[in-house]
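Structure first, then comments.
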Amino acid sequence: MANAMFGDGVTVVGASYTGPRESSATFTNGDLSPGVLPSSSGVILSTGNVRDFTQSGGDPNRATDTSTDTSGIDNNSQFNAIAGARTFDAVWIDVDFIPAGDVMTMRFVFSSEEYPEYVNSAFNDVMGVWANGTYVPIAIGNGTSSINNINPMTQPNLFISNLNDEYNTEMDGFTVTMTLTIPVQAGVVNSLRIGIADTGDARYDSNLIIVGDSIQTTLVARDDEDTMFATGEKTFDILANDHYSGAGTLNVTQINGANVSPGQVVTLASGQQVQLNADGTITVIGNGDSEQVNFTYTVASTIGGHVDTGIVKITTIPCFVAGTMILTDKGECPVESLRPGDLVMTKDDGPQPLRWTGRRQVAAVGALAPIEIRAGTFGNHRRLLVSPQHRVLVHDPLAELLFGETEVLVAARDLVNGRAVRVMEGGAVDYVHLLFDRHQIVSSEGLATESFLPGPQSTRMFEAEIIEEICSLFPELNPQTGGGYSPAARRTLRPFEAQLLFAAAEKAA
């Protein structure tokens with residue numbers, strides 16, 4: 001199995017497998033399961049029987065509860081630690097190897113019969129990789145490849161549903177082809193453990209598919225992380241930080257698993273569009289949502305057939321519309337007239353001095369258009385215009401029932417109902433940012449809304465001189481990690497959480 005997984009730039013010197021025989025296998029003819037298996041060969045590790053991953057013929061996904069309680073390892077401490085609970089039916093392979101470089105990559109697919117019924121439950125099946133005894137996190141969410149971290153609600157771009165039996169697998173859901181970037185020590189013997197486990201109980205199988213020859217050091221597509229305005233578009237050079245020690249050049253061949261050629265556009269499940277440009281860069285077109293958008297790209301060499309997958313992470317920031325009246329210690333003032341040092345009234349800390357303001361103008365069309373909140377929609381306030389990603393403070397007893405807090409922050413885009421809250425297109429709009437010593441709730445036209453919240457994504461979206469200006473005001477702020485600034489003033493709801501809240505409120509009305 002080890003030789004089937006490892007590729008160029010790595011020499012395998014020893015390997016062992018722990019688990020029942022029926023829970024691991026090498027595979028060929030992967031093209032018989034298109035859209036699931038990204039390669040013709042590789043390795044499958046399962047918490048059940050690997051033969052149940054698919055059907056050899058006839059209709060796929062015949063059962064809704066594919067499950068085998070095997071003699072795999074229960075209560076393994078390493079898997080318990082990453083799953084956050086007791087694990088069952090764990091299997092793994094240990095490999096000793098010598099890498100040519102100090103960074104290695106692995107391409108894989110995680111699939112499970114736990115999807116979608118047991119998302120956000122105790123049955124958080126998980127796969128894990130440990131290099132030289134240290135857990136290797138994936139660059140997504142909480143760092144685990146698990147049911148609760150990668151699913152249709154948290155990562156819609158990275159998850160594929162099989163509830164309609166479109167794919168030749170018995171599993172009800174699976175990820176797109178994912179990647180791990182693994183730090184190693186070049187030229188010496190390293191150890192790697194790769195495995196998978198059930199969590200909470202031994203029912204419902206999960207599988208880890210490792211792409212053949214994908215554990216290698218020759219081509220490493222490093223993760224990209226940046227920001228853009230949710231109502232705009234931005235071009236990213238995703239190949240700039242990739243490592244390649246082979247011959248030929250690199251080309252992007254897929255966006256989020258979809259084959260692409262220069263000029264083609266892929267629409268993500270989250271609504272954003274991604275265009276591949278002739279120079280190998282991509283242009284992302286926002287849809288107005290305030291969220292972290294994660295998707296993948298596949299890169300291939302023109303000589304040697306080297307392939308890897310990279311992860312792209314993009315986040316947006318909120319802003320006010322010029323003309324909005326903000327409550328200050330001297331009364332209400334237009335947001336664009338405010339300057340650093342002015343005292344603005346905040347919900348939690350009273351009058352607080354502004355530390356920084358920013359402003360930009362865009363065409364108010366399509367995803368760039370502001371959101372209108374009509375007077376009195378959320379209490380005693382006037383008509384208000386904000387950017388689609390700007391969060392509004394919502395007070396609702398149902399929020400405490402659903403999320404443990406009576407007050408939550410919801411993006412304006414997620415409040416749109418076509419009546420009291422709607423998109424306003426036409427002309428141009430000026431968006432203004434207000435930054436305090438910490439994240440604050442302020443009064444805008446009498447409605448409680450958020451201030452600017454800097455972070456690892458939002459700071460990188462500005463030009464270098466603006467980043468330097470913000471960092472000079474906040475010396476402890478790390479623009480690469482977002483450390484040194486306060487957390488959000490209230491819990492911020494994701495789009496699906498906002499839908500859940502308002503659906504519950506409508507039902508209760």
Need at least 2 residues that are open to solvent by less than 50 Å² (accessible area, probe 1.4 Å) and either of a type outside the set (Phe, Trp, Tyr) or at pLDDT below 90 (or both) per element, so show me which strands (runs of 3 or more DSSP E) inside segment 402-509 make the cut, counting only ones lying wholly within it. 407-411, 428-435, 441-444, 447-450
Got a number for residues in segment 247-273 being of a type outside the set (Val, Ile, Thr), touching a residue at least 40 places away in the same chain (Cβ under 8 Å) and outside any loop (DSSP other than H, G, I, E, B)? 3
Taking Met228 as meeting all but one of (1) within 30 Å of Asp52 (Cβ to Cβ); (2) crowded, with 22+ Cβ neighbours inside 10 Å; (3) within 19 Å of the chain's Cα centre (by Cα); (4) at pLDDT below 95, write down the number of the exception. (1)
Filtering segment 94-136 for residues that are outside any loop (DSSP other than H, G, I, E, B) and in contact with a helix residue (DSSP H, G or I) (Cβ under 7 Å, 6 or more places away or on another chain) leaves a count of 5
Output the number of the condition that Asn251 fails; it satisfies all remaining conditions of (1) within 20 Å of the chain's Cα centre (by Cα); (2) at pLDDT 95 or above; (3) open to solvent by 60 Å² or more (accessible area, probe 1.4 Å). (1)
Exactly one of Asn207, Asn190, Asn168 is farther than 23 Å from Phe123 by Cα, open to solvent by less than 40 Å² (accessible area, probe 1.4 Å) and at pLDDT 95 or above, and that one is Asn190
Look at Ala369 and say whether it is over 20 Å from Leu434 (Cβ atoms) and surrounded by 13 or more Cβ atoms within 10 Å (Cβ to Cβ). yes
Of the conditions (1) β-branched (Val, Ile, Thr); (2) in contact with a Ser or Thr (Cβ under 8 Å, 6 or more places away or on another chain); (3) touching a residue at least 60 places away in the same chain (Cβ under 8 Å); (4) within 18 Å of Asp237 (Cβ to Cβ), Ile285 fails just one. Which one is it? (2)
What is the one condition in (1) open to solvent by 10 Å² or more (accessible area, probe 1.4 Å); (2) more than 15 Å from Val312 (Cβ to Cβ) that Gln155 does not satisfy? (2)
Boolean, Phe97 is among the aromatic types (Phe, Trp, Tyr), under 30 Å from Ser270 (Cβ atoms) and at pLDDT 95 or above: no
Which listed residue, of Thr346, Thr377, is hydroxyl-bearing (Ser, Thr, Tyr) and open to solvent by 40 Å² or more (accessible area, probe 1.4 Å): Thr377
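The values are calculated or read from the model by the stated rules, or taken from the named source; none is laboratory data. Since the structure is predicted, the reported quantities are computational estimates derived from the model, not experimental observations. All Cβ positions, glycine included, derive from the backbone under ideal geometry; neighbour counts span all protein chains shown. Keep in mind that these areas ignore ligands, DNA and RNA; they rest on the heavy atoms of the full protein, side chains included. Shrake-Rupley method; radii C 1.70, N 1.55, O 1.52, S 1.80 Å.
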